[in-house]
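K.L.:
Supplied in structure tokens, the structure appears directly below.
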Amino acid sequence: MTRNYTNDLFSAAENRGRTEGLMSTDVREFEDRYELSINLPGFSKDNVQLDLQDGTLTILASRSRAEIVEGEKRHLSERFMGKCRRSFYIGEGTTNEDISASLTDGVLFLTVRKHVPEKPKAVTIHID
Amino acid sequence: MLFTNTFSDLYDTLFPEVRDPAPRRTNALMSTDITEYADRYELSMDLAGFSKENITAEVKEGVLTIHAKREAPAQENAEGKLIRSERFSGECRRSFTIGEDVEQDAIRAAFADGVLTLTIPKAAPKLPENRRIAIS
């Protein structure tokens, strides 16, 4: 089972109040970059994958727990185990070099450098 | 949005089979697994983004209570402008009845990668005492 979330980084309003889900995300905007904090408790670095395609950044993560053996008993099993995925549109011009990532205390921290498109140069046509 | 997500109070029992079957609380705040082994219970609770300093666990009268707090992020400051805010901030608390057949003084806690793990040793079973009744 894969949980799938797709979002536009720039539309903040629709997801207010979605505070308790897995992969809950805060996005902070700076002049030159975005910073994303994504909750991934108990996920190891080896099981978190980032893909950038057509301006969409996808975070794919998975975790599992030890199977119980005879004589052991699971009394409560609420924590999500399996694969989850969430995508953010971050703009066509963004490349891998614009993104850095770290995972600390169950929070994936991403920095996405803003890609400022070059302004088309105005061409002055000389009139004779 | 005032008064939303400032405080969550969740109650549970270590033995959910004794209460009504509740819907699976996957994906919620403080999601918890409890596994029983021969000599102990292990409790794992998701607390992503909380720091160790802001988590407390205490046992009182057979009830284990975990309390955690995360400061609300500033909406706008030198640190940039918050344009999406989904992560929980505020205080949350959850209690579990652990009963008397555990070694309450020997509970160990660890916090790593946003997961709180409590190891709760079972108490050694009390052997029934042989009571000798004096015959008068």
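Read-outs throughout are calculated quantities, based only on the coordinates presented, and are distinct from any laboratory measurement. For clarity, every value in this text was computed on a predicted model and none was experimentally measured. All Cβ positions, even for glycine, are placed from backbone atoms using ideal geometry, and neighbour counts span all protein chains on display.
K.L.:
For A:Thr58 and A:Thr111, FRET efficiency with R0 = 25 Å and r from the beta-carbon atoms, rounded to 0.05?
P.N.:
For A:Thr111 and A:Thr58, the calculated efficiency is 0.90.
K.L.:
Shifting gears a bit: Tell me, what are the semi-axes, in whole angstrom and largest first, of the equivalent ellipsoid of the range B:64-136 as set by the roots of 5 times the Cα gyration tensor eigenvalues?
P.N.:
Equivalent ellipsoid semi-axes, largest first: 51, 12, 8 Å.
K.L.:
Further question: Under the 0.36 nm per residue contour assumption, what length would be gained going from the current alpha-carbon distance of A:Glu31 and A:Ile68 to full extension?
P.N.:
8.3 nm
K.L.:
Separation between the B:Thr117 and A:Asn96 pseudo-spin-labels, each 7 Å from Cα along Cα→Cβ, expressed in nm?
P.N.:
It works out to 3.3 nm between the two label points.
K.L.:
Of A:Asn96, A:Leu50, A:Leu76, whose Cα points farthest to the positive end of the dipole of the range A:35-98 (charges on the beta-carbon: +1 Lys, Arg; -1 Asp, Glu; origin at the Cα centre)?
P.N.:
The Cα lying farthest towards the positive end belongs to A:Leu76.
K.L.:
Sorted by packing (mean other beta-carbon atoms within 10 Å per residue), highest first, where do B:102-108, A:119-125, A:100-106, B:41-47 land?
P.N.:
Output ranking for B:102-108, A:119-125, A:100-106, B:41-47: B:41-47, A:100-106, B:102-108, A:119-125.
K.L.:
Remind me, what semi-axes does the range A:50-128 give for its equivalent ellipsoid, largest first in whole Å, using sqrt of 5 times each Cα gyration tensor eigenvalue?
P.N.:
Whole-Å semi-axes of the equivalent ellipsoid: 49, 11, 8.
K.L.:
Run the dipole for the range A:36-128 about the Cα centre, Lys and Arg Cβ at +1, Asp and Glu Cβ at -1, nothing else charged, and hand back the magnitude in debye, nearest 20.
P.N.:
The calculated dipole for the range A:36-128 is roughly 320 debye.
K.L.:
Next question, about the same structure. Dipole of the range B:26-134 (Lys/Arg Cβ +1, Asp/Glu Cβ -1, origin at the Cα centre): which of B:Leu29, B:Asn130, B:Gly80 lies farthest to the positive side?
P.N.:
Ranked along the dipole, the leading option is B:Asn130.
K.L.:
How much net charge surrounds A:Ile68 when only the other residues with a Cβ under 13 Å from the Cβ of A:Ile68 are counted, with Lys and Arg +1 and Asp and Glu -1?
P.N.:
In short, -3.
K.L.:
Could you list which residues have their amide H under 5 Å from that of B:Leu47, counting only those 5 or more apart in sequence or on another chain, with H placed in the peptide plane?
P.N.:
When sequence neighbours closer than 5 places are left aside, the close amide H contacts are B:Val115, B:Leu116.
K.L.:
To the nearest 0.05, what FRET efficiency results for B:Lys81 and B:Ala110 with a Förster distance of 45 Å applied to their C-beta separation?
P.N.:
For B:Lys81 and B:Ala110, the calculated efficiency is 0.80.
K.L.:
In nm, what is the difference between 0.36 nm times the number of residues separating B:Val63 and B:Glu103 and their Cα-Cα distance?
P.N.:
Length gained, B:Val63 through B:Glu103: 13.1 nm.
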